[in-house]
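Have a look at the structure below, then the notes.
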Amino acid sequence: MGFQKEFFINNRNRLSSIIEPNSMVLFFSAETFPRTGDQTFKYRQNSDTFYFSGLTQPETCFFIQTDNSKHIVYEHAFIIEPTDYIIIWTGSKYSKSDVSEISGIERVSFLNEFDSVLEERIKCSENIYFSFKNNVRGIKYSYSKVNQYIEKIKSLYSEKIILDADPQFMELRLCKTDEELNKIKKAIEITGNCFNEIRKFLKPGIYEYEIEALIYKEFISNGANDVAYLPIVASGKNNCILHYIDNRNICNKGDLLLLDFGAEYDYYAADLTRTIPVSGKLSQRQADIYASVLKVQRMMIPMMKPGITINELNSKCEELIQEELLNLGLLSVNDIKNQTQNAPAFKKYFMHGLSHFLGLDVHDVGNKDVVLKPGMVLTCEPAIYIREEEFGIRLENDILITDDEPVDLCKNIPIEIADIEK
């Protein structure tokens with residue numbers, strides 16, 4: 001497990017080559033959030049901070065500085081001082097040598113020195129980069145510490161140019177190295193093995209939360225750090241709730257179970273969706289819908305090649321879904337004729353997009369207008385949801401873009417009707 005420090009050193013050097021010369025880039029760790037009076041929610045490091053340092057500990061920050069030739073001339077990391085009190089209550093913490101060994105950053109100090117070092121070093125840079133956290137899902141998020149330092153620099157150093165680092169972070173993180181791909185493949189392998197265990201375990205009368213418990217057990221016992229996102233374990237009419245995470249209902253005979261789940265391995269995510277019969281056999285109606293969704297996925301994967309965008313893939317997928325809905329009798333020619341641009345008829349049965357990028361985050365950096373390049377990993381997840389019939393089917397695989405044909409990283413995980421009924 002883990003990366004060598006050369007991975008993070010290389011990422012910082014690549015970053016220095018695409019930002020403005022004579023710049024400073026500041027990185028802060030993710031915030032901790034209180035869960036109860038004396039406990040926080042389980043901590044996960046900010047993905048960018050991890051990508052450029054490998055440091056996973058809370059209350060960690062660092063910065064790099066470049067010269068006019070865009071070479072890194074100074075970098076410095078800051079960590080919690082590991083006092084006896086902190087170690088007794090929360091366990092061991094990084095030493096200064098740990099930080100250097102993990103990240104390759106040689107200058108390491110305790111956090112109480114950060115302000116004084118920053119004030120001294122900031123004089124040497126014209127441009128100051130922060131992550132403004134422009135979330136790809138459009139979720140509003142404001143990090144108070146980042147905002148505090150932005151305002152401080154604006155106030156004390158009005159001549160400095162403050163820039164958003166997110167576009168550069170996105171550019172670097174979109175195409176995965178072989179090391180990163182190996183982490184994603186391992187996360188997918190753990191997820192696929194877990195799916196096979198679920199198939200053995202599932203039967204009428206099982207509760208959704210029992211499946212969820214099995215997911216956590218299989219992930220952790222097979223080396224995953226965590227789930228990449230909260231598992232969706234949706235039986236019966238819950239199939240049609242896109243982000244259903246209650247996972248409390250019983251799995252009844254004749255129902256379908258929609259599973260959308262993925263392991264996180266060394267901070268890299270898998271994202272898999274399968275829809276399987278609780279009783280082990282699809283009804284004819286369920287099989288017809290399943291076959292249509294699988295047909296669309298089989299047609300879309302070969303289109304995922306360099307030069308196309310997710311928006312273009314979405315448009316083609318919508319055409320194929322519409323055709324299947326007509327064949328299934330869910331839409332009529334008149335429905336199509338009377339639809340509007342803002343309310344296309346297919347949206348009643350297929351409400352989300354086909355794809356998103358995958359990597360350090362399950363909805364990874366990159367917008368839907370990014371032109372696909374080799375090394376990018378994205379999902380392919382067509383679906384049909386029929387709320388009036390109280391079931392839906394979604395199928396999702398993770399796809400690697402290459403110079404040649406796309407590679408289905410989930411090809412070994414059962415998806416054919418004969419296989420999921422076995």
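The values are calculated or read from the model by the stated rules, or taken from the named source; none is laboratory data. In this text, all values refer to a predicted model and were calculated from it rather than measured experimentally. Note that we place each Cβ from the backbone using ideal geometry, even for glycine, and neighbour counts take in every protein chain shown.
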Q: For residues that are surrounded by fewer than 14 Cβ atoms within 10 Å (Cβ to Cβ) and modelled with pLDDT under 95, tally how many sit in segment 1-30.
A: 2
Q: Give the residue, chosen from Val365, Val370, Val377, that is of a type outside the set (Phe, Trp, Tyr), over 28 Å from Leu256 (Cα atoms), touching a strand residue (DSSP E or B) at 6+ places or on another chain (Cβ under 7 Å) and surrounded by fewer than 23 Cβ atoms within 10 Å (Cβ to Cβ).
A: Val370
Q.
I need the full set of residues from segment 295-335 which are farther than 23 Å from Asn367 by Cβ and either modelled with pLDDT under 95 or assigned to a loop (DSSP other than H, G, I, E, B) (or both), in order please.
A. Gly329, Leu330, Leu331, Ser332
Q. If you take the residues in segment 81-117 that are of a type in the set (A, V, I, L, M), surrounded by fewer than 17 Cβ atoms within 10 Å (Cβ to Cβ) and within 20 Å of Tyr43 (Cα to Cα), which one is farthest from the chain's Cα centre (by Cα)?
A. Ile88
Q.
Looking only at segment 205-217, how many residues end up being of a type outside the set (Phe, Trp, Tyr), surrounded by 14 or more Cβ atoms within 10 Å (Cβ to Cβ) and not in a helix (DSSP H, G or I)?
A. 1
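For the structure I just gave you, tell me whether Ile220 is outside any helix (DSSP H, G or I) and either β-branched (Val, Ile, Thr) or outside the structural domain of Leu360 (by TED's automatic domain parsing) (or both). Outline the logic, then answer.
Values: outside any helix (DSSP H, G or I): no; either β-branched (Val, Ile, Thr) or outside the structural domain of Leu360 (by TED's automatic domain parsing) (or both): yes.
Taking the combined requirement at face value, the residue does not satisfy it.
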**Q.** Evaluation of Asn367 against (1) more than 17 Å from the chain's Cα centre (by Cα); (2) at pLDDT below 95; (3) not basic (Lys, Arg) (one fails), failing number
**A.** (1)
Q) Taking segment 124-148 as the search range and keeping residues that are outside any loop (DSSP other than H, G, I, E, B) and over 24 Å from Asn68 (Cβ atoms), which one is modelled with the lowest pLDDT? A) Ser144
Q | Positions within segment 79-123 being aliphatic (A, V, I, L, M), in a loop (DSSP other than H, G, I, E, B) and under 22 Å from Asp67 (Cα atoms), in sequence order | A | Ile105
(Q) For segment 87-112, give me each residue that is more than 15 Å from Ser29 (Cβ to Cβ) and hydrophobic (A, V, I, L, M, F, W, C). (A) Ile87, Ile88, Trp89
Q | Selected residue (only one of Lys145, Lys152, Lys183 is touching a residue at least 60 places away in the same chain (Cβ under 8 Å) and surrounded by fewer than 15 Cβ atoms within 10 Å (Cβ to Cβ)) | A | Lys145
Q | Restricting segment 380-422 to residues that are part of a strand (DSSP E or B) and over 25 Å from Leu325 (Cβ atoms), the residue that is nearest to the chain's Cα centre (by Cα) | A | Asp398
Q. Which condition number in (1) in contact with a helix residue (DSSP H, G or I) (Cβ under 6 Å, 6 or more places away or on another chain); (2) farther than 30 Å from Val227 by Cα is the one that Phe78 fails?
A. (2)
Q.
With the requirement that a residue be touching a Phe, Trp or Tyr at 6+ places or on another chain (Cβ under 9 Å), part of a helix (DSSP H, G or I) and not hydrophobic (A, V, I, L, M, F, W, C), what does segment 336-377 give you?
A. Lys348
Q) Taking interchain pairs and intrachain pairs at least six residues apart, which have beta carbon atoms under 8 angstrom, with the first residue in segment 341-362 and among the acidic types (Asp, Glu) and the second surrounded by 14 or more Cβ atoms within 10 Å (Cβ to Cβ) and outside any loop (DSSP other than H, G, I, E, B)? A) Asp361/Ser47; Asp361/Ala269
